[in-house]
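See structure below.
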Amino acid sequence: MRWSFVGIRTAAVAAVAVTGAGLAIAPASAASQHVGNGVSYMKPFNASDANKAAHGHGGGGGGGTTSNNLYYHGGVNGIGVETAPKVYLVFWGSQWGTRGSDKSGNDTFTGDPTGEAGIIESFYKAAGNTAWLSSVAQYCQGVPSGSGTSTCTVAANKASDGVTFGSSWYDDSAPAPSRAGQSQLASEALKAISHFPGINLATEQIVVATPHGFDPSGFGTQYCAWHSSASTGSAYLAYTNLPYMTDGGTSCGANFNQLGPNAGITIVGGHEMAETITDQIPNGGWLDTNGAENGDKCAWITTNNPGASASVSLNGQLFPVQSLWSNAISGCAGT
């Protein structure tokens with residue numbers, strides 16, 4: 001089940017469309033409002049919820065009926081999906097420590113005990129044009145609200161599975177706040193725009209990664225990560241709050257399905273990336289009748305069930321990932 005809330009839209013460049021420092025939580029039915037500036041987040045692992053998903057309740061698992069499928073919610077300012085997705089990564093806060101790089105050119109930091117920076121960066125570089133992500137290409141924008149994927153006939157309007165990695169920025173200008181709220185995270189994402197020349201807000205996204213021990217408010221109890229949007233002038237920036245995932249332990253994917261202590265980093269990171277591709281400005285993209293996105297419907301499916309999270313090859317590298325909802329099979333695909 002997905003929970004969501006809606007913020008207040010502003011037009012000023014320095015202002016952000018948020019509800020405040022904390023999470024004002026409403027039930028999943030709030031997603032039926034289907035307007036921009038919602039917060040769409042991944043719930044922590046719960047064995048009962050995972051069992052329901054694995055057996056198709058609420059549309060999860062390996063198969064279902066077309067009534068469980070996603071449908072288009074009309075877009076926001078004409079935007080519903082990312083037709084040319086690119087991920088930009090922000091390491092927020094001087095607590096990350098001294099910056100370096102590994103032999104593959106991925107970021108390393110002295111304040112990163114589990115190597116999350118390099119893991120998520122290498123994942124973003126490898127995820128594009130893979131069987132795991134291919135299901136996103138059936139969704140589109142530019143069709144009437146309420147449409148299903150059969151209406152997605154214009155190639156230029158389709159979401160792309162060819163996501164690429166843009167670049168990273170280390171914002172060590174000050175320590176990241178302890179238990180940052182939504183307004184602070186949105187402000188950091190907006191600040192990052194100037195450090196990514198050429199970013200196309202119409203189809204690209206920023207991920208804000210917070211340091212070990214300085215996790216945002218609600219992490220590990222209310223959510224593992226979330227994605228939202230912030231307004232800048234007349235445009236919107238799609239961004240993700242990606243906490244230091246191993247701080248969440250088993251609630252956020254550590255050793256999930258025996259995939260290792262760092263499994264949650266890419267399970268959760270992939271979940272949010274794929275959802276942003278298909279619902280760029282929540283909740284104007286592709287959701288089901290309960291407000292669930294393509295990642296929600298397949299989250300935390302346990303081993304020996306259709307669509308279970310697994311380690312898959314992404315352009316020759318193995319990463320733990322969850323499956324993603326496909327209207328084409330009315331079920332979870334990719335693992």
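The values are calculated or read from the model by the stated rules, or taken from the named source; none is laboratory data. A quick note: this is a predicted structure, and the numbers were derived from the prediction, not measured. Cβ coordinates were reconstructed from backbone atoms using ideal geometry, including for glycine residues, and neighbour counts include every protein chain displayed.
Could you list all residues from region 293-312 that are surrounded by fewer than 24 Cβ atoms within 10 Å (Cβ to Cβ) and either touching a residue at least 60 places away in the same chain (Cβ under 8 Å) or in a helix (DSSP H, G or I) (or both)?
Step one: of region 293-312, the residues surrounded by fewer than 24 Cβ atoms within 10 Å (Cβ to Cβ) are 302-306, 308, 310-312.
Passing the criteria: Thr302, Asn305, Pro306, Ala308, Val312.
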request  = Sort through Ser122, Ser178, Ser217 and tell me the only one that's of a type outside the set (Phe, Trp, Tyr) and modelled with pLDDT of 95 or more.
outcome  = Ser122
remark   = A careful count of residues in region 228-255 that are in a helix (DSSP H, G or I) and surrounded by 24 or more Cβ atoms within 10 Å (Cβ to Cβ) gives 2
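Residue by residue through region 119-136, note down the ones that are in a helix (DSSP H, G or I) and either β-branched (Val, Ile, Thr) or crowded, with 19+ Cβ neighbours inside 10 Å (or both). Steps first, answer last, please.
So the first thing to find is which residues in region 119-136 are in a helix (DSSP H, G or I), and the list is 119-126, 134-136.
Answer for region 119-136, where residues must be in a helix (DSSP H, G or I) and either β-branched (Val, Ile, Thr) or crowded, with 19+ Cβ neighbours inside 10 Å (or both): Ile119, Ile120, Glu121, Ser122, Phe123, Tyr124, Ala126, Ser135, Val136.
Just give me the residues in region 64-74 being surrounded by 14 or more Cβ atoms within 10 Å (Cβ to Cβ) and modelled with pLDDT under 80, in sequence order. Break it down stepwise before answering.
Of the residues in region 64-74, the ones surrounded by 14 or more Cβ atoms within 10 Å (Cβ to Cβ) are 64, 68-74.
Passing the criteria: only Gly64.
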Condition met for Thr114 (in a loop (DSSP other than H, G, I, E, B), within 28 Å of Ser194 (Cα to Cα), out of contact with any strand residue (DSSP E or B) (no Cβ under 6 Å at 6 or more places or on another chain) and at pLDDT 95 or above) = no
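Every residue, every condition in (1) under 21 Å from Ile277 (Cα atoms); (2) part of a strand (DSSP E or B); (3) hydrophobic (A, V, I, L, M, F, W, C), yes or no:
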residue	(1), (2), (3)
Tyr170	no, yes, no
Ser178	no, no, no
Ala192	yes, no, yes
Ile199	yes, no, yes
Val208	yes, yes, yes
His212	no, no, no
task = Test Gly269 against the stated conditions and say whether it is within 13 Å of the chain's Cα centre (by Cα) and either farther than 21 Å from Ser134 by Cα or not charged (D, E, K, R) (or both).
result = yes
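Only one residue in Gly105, Gly100 is surrounded by fewer than 19 Cβ atoms within 10 Å (Cβ to Cβ), assigned to a strand (DSSP E or B) and free of Cβ contacts under 8 Å to residues at least 40 places away in the same chain, so which one is that?
Details: Gly105 fails: assigned to a strand (DSSP E or B).
None of the other options fit; the residue is Gly100.
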ask   = When region 139-160 is examined, which residues are found to be crowded, with 17+ Cβ neighbours inside 10 Å, of a type outside the set (Ser, Thr, Tyr) and touching a residue at least 40 places away in the same chain (Cβ under 8 Å)?
value = Cys140, Gln141, Gly142, Val143, Lys158, Ala159
message = Condition first: of a type in the set (Ser, Thr, Tyr) and touching a helix residue (DSSP H, G or I) at 6+ places or on another chain (Cβ under 6 Å). Now tell me which residues in region 144-180 satisfy that.
response = Thr149
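Select from region 282-292 the residues that are on the phi < 0 side of the Ramachandran plot, in a loop (DSSP other than H, G, I, E, B) and buried (at least 24 other Cβ atoms within 10 Å of the Cβ) and list them in ascending order.
Looking only at region 282-292, we keep the residues that are on the phi < 0 side of the Ramachandran plot, and these are 282-290, 292.
Then drop every residue that is not in a loop (DSSP other than H, G, I, E, B), which leaves 282-285, 288-290, 292.
Hits for region 282-292 are Pro282, Asn283, Gly284, Gly285, Ala292.
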query = In region 75-96, what residues are of a type outside the set (S, T, N, Q), part of a loop (DSSP other than H, G, I, E, B) and surrounded by 18 or more Cβ atoms within 10 Å (Cβ to Cβ)?
reply = Gly75, Gly80, Val81, Glu82, Pro85, Gly93
